[in-house]
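Chemist: This is the structure I have questions about; it appears just below.
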Amino acid sequence: MGSSNDNNVKIFFKYGNNIIQLPVNPEEVRITTNGNNQSQEVVTLGEVNLLKTPKLSEVSIESFFPIAEAPGYVLTSGDNFKTPQELIDFFEQPFENKEPLYMVISGLAGSSVGYDKNTRSSNTAGYWQNLGNTISNKVKSLMSMGTDTTYDNVPKISITTKSIKKLVSIENFETWYGTDFDTYYKLDLKEFRNYGTRQYKTIIKVDEVSGVADAVIPSPSRQTEKDLVLMKNLKVATRAVKTVTRVEGMASKAVNEAKSTGQFIKTVGQNII
């Protein structure tokens, strides 16, 4: 992404219930998305490229947190203005908690559409060529006559805006201090994708016929590191319950068989006597 110095561009972050806006836009925001394709040799075809899902996007932001409000380049004021330490604390919290946060960049230039002055018809394809020819002719006119200073025939342009919204994790957060009391920083982010797994809560059910315990009902919440440990323990516990149930069933069956065998021996003995 190009320069973000335009005050129409605003960069927000949301973590928990807190939302902050970067007080000073960086000169640029770099968003990098690398491919994850693999080359492989195939008989009779040679090298082929296996297209894979792209790697996670990486975002790099470098700017500074001003010590005080200043009109012109500081975009926040009043209650929205945060001190450098407040902003540092905001970014360190999700970093230390190993949790993602939301990033929103609004006001970015989207598509541009040129319009003919008289007909107002869309002229996207030839806009830049027409604009260049018009300005070139005006410059030639000014150089030769020095009188034609109107630009009424320059094609009009309409700019649409777009936003970037990403769930990101903080990979690196570096701060340093200058002699002007402002706090400078470099923020490296990476796109975060929710896992496909789910968190589980234990509900033990025992089948009345087979006596086998069965049990986990998923609830659709995002998986965390603690959830993964709980799920692992749950699977172990569930297997243990099933094993105990099977052992109890086998023991009960053995007892019944022993009783039947004993009764059979007793009956045979009585018949012999």
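Chemist: Being at pLDDT below 85 and under 29 Å from LEU101 (Cβ atoms): is that true of ASN194 here? Please lay out each step first, then the result.
Modeler: On the way: at pLDDT below 85: yes; under 29 Å from LEU101 (Cβ atoms): yes.
Answer is yes for this residue.
Chemist: Follow-up. Could you check ASN7 against (1) under 22 Å from LEU167 (Cα atoms); (2) at pLDDT below 85 and say which number it fails?
Modeler: Going through (1) under 22 Å from LEU167 (Cα atoms); (2) at pLDDT below 85 one by one, ASN7 breaks only (1).
Chemist: For the range 7-29, which residues satisfy the criterion of being among the charged types (D, E, K, R) and exposed (fewer than 13 other Cβ atoms within 10 Å of the Cβ)? Full working, then the answer.
Modeler: To start, the set of residues in the range 7-29 that are among the charged types (D, E, K, R) comprises 10, 14, 27-28.
Hit for the range 7-29 is GLU27, nothing else.
Chemist: Filter the range 37-56 down to the residues that are part of a loop (DSSP other than H, G, I, E, B) and polar (S, T, N, Q) and list them by number.
Modeler: Pass one, the range 37-56, residues part of a loop (DSSP other than H, G, I, E, B): 37, 43-45, 51-56.
Across the range 37-56, the qualifying residues are ASN37, THR44, THR53.
The values are calculated or read from the model by the stated rules, or taken from the named source; none is laboratory data. All values reported here derive from a predicted model rather than from experimental measurement. Cβ sites come from the backbone with ideal geometry, for glycine too, and all protein chains shown count toward neighbours.
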